[in-house]
Amino acid sequence: MRKVPERVAAPWVWVLAAALVAAGLPLRSQEPSPLQALVERALRQNPGLAAQRAKVEAARKVPSQRRALPDPMAELEAMNLAADGSSGTRAFTRGVSLGVVQPLPFPGKRALAAREAQEEAGVEESRLRSLEWEVRSEVLGAALRYRTLLGLLEINAKTEEALRALTEGALARYAAGGGNQGDVLLAQASVTKVLVRRTDLQRQKEVAKARLESLLGGPVEESLLARMELPPPADLPPLEELLRQAGEKAPRVETARAEAGAAQTRVEVAKKNFQPDFLVGGRYRYKDMTMGGRDFFTVTAGVTLPLFHRKDRYRPGLEEALFRKEAAGHEVDEARNEARYALAEAYQGADRNRKVHALYEEGLLLQAQQAYEASLSAYRAGRSDFGALLMALADRFAYEEDWILARGEYHQRVAEMEAVLGRPLFESAPGPPGEPQE
């Protein structure tokens, strides 16, 4: 973009900026973080979410159908046809009747059926919200796993570099007659082991990427994944408060509660089915020969008799609805227990990784580096063997790997907790499904 000279831009730019600030608007849009961009893309393109949204839209079309009256029936009757095979065209001289009949469900049945359909649509909407949080958690988990593996590969490369330096030193020392061939072979074997480890890490990275692309419904740029950051673990909120929220507001609990409400309405529908329905109609009779060939109107009314099917249709239907209501109540309790368990499990995992990360950062990493440097000095001075030096080097980078793993797994457990709770655990987390980040 061509740069506007300052002497031209300054007057109106500052006025516009002041107006934007006064209006409470940002001066420029903030680019979403890589994690936020991945979550937003998954919410738009995930096939499972698309399917559930279609189910929601389909369910929203049902209430108006349930509220509508049954189709009226039209009847055409040719009267007084002779049994001796006379032409049917003579019916118009012998009498014809045209009638319309409209079934009328018992008062309240249609409204109750529409309410049942509305609640079923609410169940589908609740399932959509729950699925959005599950997809969000899986996207974050796969992305964080990928970023963790990138960090492990970086450590693997540093380990190889350090081992090759030690290998060259062992070769030089052996050539000068100050070492032995076993040290050289041991160093070379260590390099090979690191390369095998790299192959496994690469495989895991590709698996994480494939999982992420499956959730996103398409390929993902590796440059975007490389820009992701793993911030240090933060202190977690109290577990007791989170467990209370999970038992009350977890998406899976809300879904089970919505299903219980729909089950209660089905019981009311089943009870209403014991009531009869009605039929009303009218008929126009043209040249009815039984009435002297005159035209006249008739009015009809009828009523269904559910008493005849009380035992084989309506009573079993009510009992079925009652059993389903009971099952829905148990499912609410099950969903609450499962949500609390899943939250507690993820919480303990996150808390464990937070503490491990702190231990490594506050001392173990430095101690491992100092132990390696001391072992290297002792080896050079001839006070330690080569095997001890390799072990110190392996510990130094193994501790760094554990540090990276603890950080990545902490964030994965946090994403799992957020999926259970149906809300971000921290204000800086990628926003909830369907809502842009502030």
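The values are calculated or read from the model by the stated rules, or taken from the named source; none is laboratory data. Just so it is clear, the model here is predicted, and its values are computed rather than measured. Because the Cβ atoms are built from the backbone with ideal geometry, glycine has one as well, and the counts that use them run over all protein chains shown. Protein only, heavy atoms only, side chains kept; ligands, DNA and RNA dropped before computing areas. Shrake-Rupley method; radii C 1.70, N 1.55, O 1.52, S 1.80 Å.
Remarks
- Rounded to the nearest angstrom and listed largest first, the equivalent-ellipsoid semi-axes of segment 319-406 from its Cα gyration tensor are 56, 12, 6.
- Put a plus charge on the Cβ of each Lys and Arg, a minus charge on the Cβ of each Asp and Glu, and nothing anywhere else: the dipole of segment 144-263 about its Cα centre is then about 300 debye.
- Legend: distances between Cα atoms for Lys249/Lys325; Lys193/Lys355; Lys55/Lys205; Lys249/Lys272; Lys109/Lys325; pairs beyond 27 Å are Lys193/Lys355; Lys55/Lys205; Lys249/Lys272.
- Convex hull volume of segment 251-364 per residue (C-alpha atoms, cubic angstrom): 148
- Taken over the chain, the convex hull of the Cα atoms encloses 361 Å³ per residue.
- The accessible-area ordering, largest first, of the residues His330, His357 stands as His330, His357, per a 1.4 angstrom probe.
- Angle between the chain longest axis and helix 6-22 axis [Cα atoms, degrees, rounded to 10]: 60
- Compactness of segment 124-189 is given as radius of gyration and Dmax, 23.9, 78 Å, from Cα positions.
- Span per principal axis, largest first, for the Cα atoms of segment 134-239 (Å): 62, 37, 21
- Based on Cα atoms of segment 156-195, Rg over Rh with Rh as the Kirkwood radius reads 1.01.
- Basic side chains Lys and Arg get +1 at the Cβ, acidic Asp and Glu get -1 at the Cβ, and with that the dipole of the chain about its Cα centre reaches some 1640 debye.
- Compared with the dominant principal axis of the Cα atoms in the chain, helix 251-272 is inclined by about 10°.
- The trypsin sites (Lys or Arg not before Pro) of segment 292-392 that meet both conditions, a loop assignment by DSSP and at most 12 other Cβ atoms within 10 Å of the site Cβ, are Arg383.
- Surface share of carbon and sulfur [accessible, 1.4 angstrom probe, percent] for the chain: 56
- Projected label distance in nm at Lys193 and Ala175, using a 7 Å step from Cα toward the beta-carbon: 2.6
- Per-selection Kirkwood Rh - segment 269-324 (Cα, Å, 1 d.p.): 14.3
- Accessible surface computed residue by residue for the chain, with neighbouring protein chains in place and a 1.4 Å probe, gives 59 Å² per residue.
- Test item: Cα-centred dipole of segment 198-265, Lys/Arg +1 and Asp/Glu -1 on Cβ, debye: 220
- Calculated Rg and Dmax of segment 95-166 using C-alpha coordinates, Å: 32.0, 114
- Helix 315-359 and the long axis of the chain differ in direction by around 10°, with both axes built from C-alpha atoms.
- On the beta carbon distance between Met79 and Arg310, with R0 = 35 Å, the FRET formula returns roughly 0.40.
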